[in-house]
Amino acid sequence: MGTRSAHVIVLGNEKGGSGKSTTAFHLACLLMYQGFKVATVDVDSRQQTFTHYVENRRNWAMRHD
């Protein structure tokens, strides 16, 4: 059985509001849907937009389950 190596995808842009968190979220969902194991890291310690995006989606899903 062969081993698969990990891939790293980095989304970055100096400008805020360019869609990095939205793109990261949907890319992670797509890869998980295709059966890949996915880990995400939000390295913006000030705004943590990706973290808030995921929390908001989780809360919405719980209310509409």
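Computed from the coordinates by the stated procedures, all read-outs in this text should not be read as laboratory data. Keep in mind the model is a prediction, meaning the values are calculated, not measured. Quick reminder, even Gly has a Cβ in these numbers, built from the backbone with ideal geometry, and neighbours come from all protein chains shown.
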Under a point spin-label approximation (7 Å from Cα along Cα-to-Cβ), what is the Q34-K15 distance to one decimal in nm? 2.8
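Ranking F50, F36, F25 by Cβ neighbours within 10 Å, fewest first, what do you get? Please report the intermediate quantities before stating the final value.
Numbers: F50 21, F36 11, F25 16.
Placing the least packed residue first, the sequence is F36, F25, F50.
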Ranking D42, D65 by Cβ neighbours within 10 Å, fewest first, what do you get? D65, D42
Counting other beta carbons within 10 Å of each Cβ, put T23, T3, T49 in order, fewest first. T3, T23, T49
Size-normalised alpha-carbon gyration radius of the chain, reference 2.2 N^0.38 Å: 1.30
Need the full-extension length gain, F25 to V43, defined as separation in residues times 0.36 nm minus the C-alpha distance. One decimal, nm. 5.1 nm
